[in-house]
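Shown next, in structure tokens, is the structure this report addresses.
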Amino acid sequence: MVEADRMRVSVIGTGYLGATTAACLAELGFEVLGLDVDEAKIEMLRSGRVPFFEPGLAPLVASGLESGRLRFTTSFAEAAEFADLHLICVGTPQKDESGAADLSYVNSAVDRLAPHLTRPSVVVGRSTVPVGTAATLAARLAALAPAGAEAELGWSPEFLREGFGVEDTLRPNRIVLGTDSPRVEKAVRALWHRQVDEGIPFLVTDLQTAELVKVAANAFLATKISFINAMAEVSEVAGADVIQLAEALSFDDRIGGKFLGPGLGFGGGCLPKDIRAFMARADELGVEPALSFLREVDAINQRRRARTIDIARQLIGGGFAGSRVAVLGAAFKPNSDDIRDSPALDVAATIASLGAQVTVYDPAALERAREAHPELNYADSMRGAVADADVVLLLTEWAEFREADPEELGGLVARRRIVDGRNALDPTFWRASGWTYRALGRQ
Ligand code: UGA
């Protein structure tokens, strides 16, 4: 064990990012105290239960608790007493129609921690924030902390994908740190010394660049998805096949095949709100035209939802009133129970509002979906959802749906009609079983 491994770290916020960060740091050998203002969440974590679906996380929480290296609290005083390095991992949801980020949780984390920082401390933000936030918070921290300027703030954005949070934390593709303080840099390098030794790039920038790296990365990913979905729109009317198009593009390694998957488009707690917050910030900075293309990226993404509904309507031959629609998938992507801005649920709710009886099944997100959309029907299996359906919509590409047997499902539905909203199925295979198969961007 090297000296750095005895470092004690507090992790403020125990949602997807914070709980994953805390458990992974304990796994790496650090002493970690996770903090949240939500008592119920802390109680769950203390008893080894993870309040959301994240493959591989529960065993890490359990082993962290067992080793004594991972503990949880609701007390900022305790966190300040325990650690000299504090990671802010709270959420920054979309505020309102303006699209701007709600910074109240980040502000409150700094405001509540700072008064307890009586000795030199390092605070590092991991949350996604609008450019300029960290500089304001650094000043606020120094003003509120008894340690004054010895309480220093850096920003180190995270790039975790839900469903791969553990892997992305333990083996990130890069570590970015915004700071001009040698003490902040030393603390963050100590935290990731194994990863740096393995050759993972460690980039030190100013605060603003670090904040921008995160939102720029998400804006790029969203743009790439919307680009191929715009090609899907064109393909549909031009008689082309967007799957073949995407494949052909992917062999150019300047383009690459990742995030070039055409379909229902992006949702979740990150890409949609991050591009909107980025546009709102550009507006505030007086450079609105620089990001006006993101408005189109958002619009293309929303149009895919409308198009999916249109295809289903065509398949059932007119209006939805009185029809039975099966929706496979509620989470915003597979291997997640997250339904924030879920394209699947958005489509399901719209079709229900048009008069159809919609029955939804999802392997992990049923409980959350039921809470958010009590007006929909839910089945606890794929078979249950498709029973007597006039049309089936595959809207989240869980492995269970990809591997479904068209013959078996065909025996359960009222009519063999499927809309593959994620281009997840083999059309030839499904058509061979007598299904009318439709997908986005294909004939
Ligand atoms: C995203 C980024 O990928 C992470 O790098 C980032 O750290 C994270 O946001 C964040 O800001 O915290 P995540 O929201 O977990 O991660 O989900 P993604 O895997 O990026 O998928 C986003 C959406 O795009 C999903 O709805 C997915 O179905 C959709 N998607 C993805 C497509 O429609 N097509 C594709 O080819 C790829």
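The values are calculated or read from the model by the stated rules, or taken from the named source; none is laboratory data. Keep in mind the model is a prediction, meaning the values are calculated, not measured. Neighbour counts run over all protein chains shown; Cβ positions are idealised from the backbone, glycine included.
Listed conditions (1) part of a helix (DSSP H, G or I); (2) more than 16 Å from the ligand (Cβ to nearest atom) are all met by ALA321, apart from (1).
Count of region 317-337 residues, restricted to those that are more than 15 Å from ARG305 (Cβ to Cβ) and crowded, with 24+ Cβ neighbours inside 10 Å, is 4. Among the residues making up region 407-424, those that are within 16 Å of the ligand (Cβ to nearest atom), in a loop (DSSP other than H, G, I, E, B) and in contact with a helix residue (DSSP H, G or I) (Cβ under 7 Å, 6 or more places away or on another chain) are GLY421, ASN423, ALA424.
For ALA149, indicate whether it is away from the ligand (no atom under 16 Å from the Cβ), surrounded by 18 or more Cβ atoms within 10 Å (Cβ to Cβ) and not hydroxyl-bearing (Ser, Thr, Tyr). Answer is no for this residue.
Give me a count of the residues in region 12-32 that are more than 20 Å from PRO93 (Cβ to Cβ) and in contact with a Leu (Cβ under 8 Å, 6 or more places away or on another chain).
The total comes to 9.
Selection within region 155-179: residues that are within 7 Å of the ligand (Cβ to nearest atom) and without any contact (Cβ under 8 Å) to a residue 60 or more places away in the chain. The member of this set that is surrounded by the most Cβ atoms within 10 Å (Cβ to Cβ) is PHE159.
When region 231-265 is examined, which residues are found to be of a type in the set (Lys, Arg) and within 16 Å of the ligand (Cβ to nearest atom)? Break it down stepwise before answering.
Going residue by residue through region 231-265, those that are of a type in the set (Lys, Arg) are 254, 258.
Selection gives LYS258 alone.
Each residue in region 178-211 was checked for being in a helix (DSSP H, G or I), touching a helix residue (DSSP H, G or I) at 6+ places or on another chain (Cβ under 9 Å) and either closer than 20 Å to ALA101 by Cβ or not assigned by TED's automatic domain parsing to the domain that holds GLU31 (or both), and 4 pass. The single condition from (1) loosely packed, with under 14 Cβ neighbours inside 10 Å; (2) within 20 Å of ALA387 (Cα to Cα) that GLY410 fails is (1). Any residue at all in region 360-372 that is closer than 28 Å to GLY15 by Cβ, of a type in the set (Gly, Ala, Ser) and touching a Gly at 6+ places or on another chain (Cβ under 9 Å)? The answer is yes, given that some residue of region 360-372 is closer than 28 Å to GLY15 by Cβ, of a type in the set (Gly, Ala, Ser) and touching a Gly at 6+ places or on another chain (Cβ under 9 Å). Residues that are crowded, with 20+ Cβ neighbours inside 10 Å, within 12 Å of the ligand (Cβ to nearest atom) and within 20 Å of the chain's Cα centre (by Cα) do occur in region 278-288, at least one of them. Residues that are out of contact with any strand residue (DSSP E or B) (no Cβ under 6 Å at 6 or more places or on another chain) and not in a loop (DSSP other than H, G, I, E, B) were ranked within region 387-406; the one that is surrounded by the fewest Cβ atoms within 10 Å (Cβ to Cβ) is ALA399.
Results for (1) acidic (Asp, Glu); (2) in contact (Cβ under 8 Å) with a residue 24 or more places away in the chain; (3) in contact with a His (Cβ under 6 Å, 6 or more places away or on another chain); (4) part of a strand (DSSP E or B), shown as yes or no for each residue.
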position: VAL9; (1), (2), (3), (4): no, yes, no, yes
position: THR21; (1), (2), (3), (4): no, yes, no, no
position: ALA26; (1), (2), (3), (4): no, yes, no, no
position: MET44; (1), (2), (3), (4): no, no, no, no
position: ALA58; (1), (2), (3), (4): no, no, no, no
position: LEU65; (1), (2), (3), (4): no, no, no, no
position: ARG71; (1), (2), (3), (4): no, yes, no, yes
position: GLY91; (1), (2), (3), (4): no, yes, no, no
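Before we move on, is GLY256 closer than 22 Å to ALA216 by Cβ and out of contact with any helix residue (DSSP H, G or I) (no Cβ under 9 Å at 6 or more places or on another chain)? Considered against the rule, which asks whether it is closer than 22 Å to ALA216 by Cβ and out of contact with any helix residue (DSSP H, G or I) (no Cβ under 9 Å at 6 or more places or on another chain), GLY256 comes out as no.
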